[in-house]
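The values are calculated or read from the model by the stated rules, or taken from the named source; none is laboratory data. From a predicted model like this one, the values you see are computed outputs, not experimental measurements. Note that each Cβ is placed from the backbone with ideal geometry, even for glycine, and that neighbours are counted across all protein chains shown. These accessible areas exclude ligands, DNA and RNA; they are computed on the full protein's heavy atoms, side chains included. Shrake-Rupley method; radii C 1.70, N 1.55, O 1.52, S 1.80 Å.
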Amino acid sequence: PPQSPNPLRYGGPILPALPIGVVSGAVGSAVGIGGALVAVPTTMHAYRLRQLQANSTALLLNVATCASGALVFASAGHVDPIAGCLVASGATATAGPGARLAHAMRERTQRLVFASALLALAPVIALKPVIAPANDDEAKEDGGPTHAGGGGGWNGSSASGIMPPAEKVAYYVGLGAAVGVASGALGIGAGTMMSVGLALAGGMPHKTMLGTSMVAQIGPGLAGAWAHARLGNLRVDLVPALAAGAMIGSFVTSEAAVDAPEEGLRAAFAAFVAGLGMHALRGAL
């Protein structure tokens, strides 16, 4: 495979990396999953990347998507900083080991794992409201998340009723640790796993769940990308255009997503992810 050029002398192709970034950022931020699910298969096809190159490069696109989207959600009061920091701490610690695990896999194994992850995530994306229903009534009544009693709950206190504060802290850190391994190894799945995991903790309004998930993905994305860069997997030449496009797409879509329903887009995107999974599985077998 071609070697990554000096990142200080960027000469990477702007097309189709820029539009890939825009679409990935827009779709990912709208449903709170980052942009890697779109970016990995499209960059593999467009640039003939190896699975590990696409996975690692998509981590930085995901960081750009989440940073831009988190800014919009935070400005609207839809971020829980305590939950976000706890999840991010666990995820950041395990993203590097996840990257090293992926580096040790054979290419065919990486492709099979990636395809399996897509097929597993598709129904979770579609059924997320059923699997882990969020409580939007609390957001309407309280105007956003506020931590009561220092335990990471919301004013509605349903979260505290489900899980005591100490257990909630352990849950968030454990959730982050699991997500970090998946993020570092696959470059995908972090957003879906985080948003569902945050909802299962109980009581978090849907928009706060999206915003908090975006905040929590930034740290592990950077840690995983750094580990992959040291292992020689990162295509640095593609990162500027992909990240710039992702920030644009994420910012525009997040502005709309703050006030828009996501049910239709979620169902359509789940079908798209399932199709990508079938295509990836066929290519791996």
* To do: Express the carbon and sulfur contribution to the solvent-accessible surface of segment 191-243 as a percent, rounded to the nearest whole number, probe 1.4 angstrom.
  => 70 percent
* What nm value, rounded to one decimal, do you get for the distance between ALA271 and GLU167 when each label is placed 7 Å out toward the C-beta? -> 4.0 nm
* Structure fact -> Per-residue accessible area, 1.4 Å probe, largest first, puts SER250, SER89 in the order SER89, SER250
* Structure fact -> Averaged per residue, the 1.4 Å probe accessible area of segment 176-255, protein heavy atoms only, in Å², is roughly 26 Å²
* With each label point set 7 Å from Cα along the Cα-Cβ vector, what nm distance links GLU255 and ALA74? -> 1.9 nm
* **Surface accessible to a 1.4 Å probe, HIS228 within the full protein complex, Å²** => 0 Å²
* To do: Over 17 Å, how big is the tail of the calculated P(r) for segment 9-95, in percent of all Cα pairs?
  => 54 percent
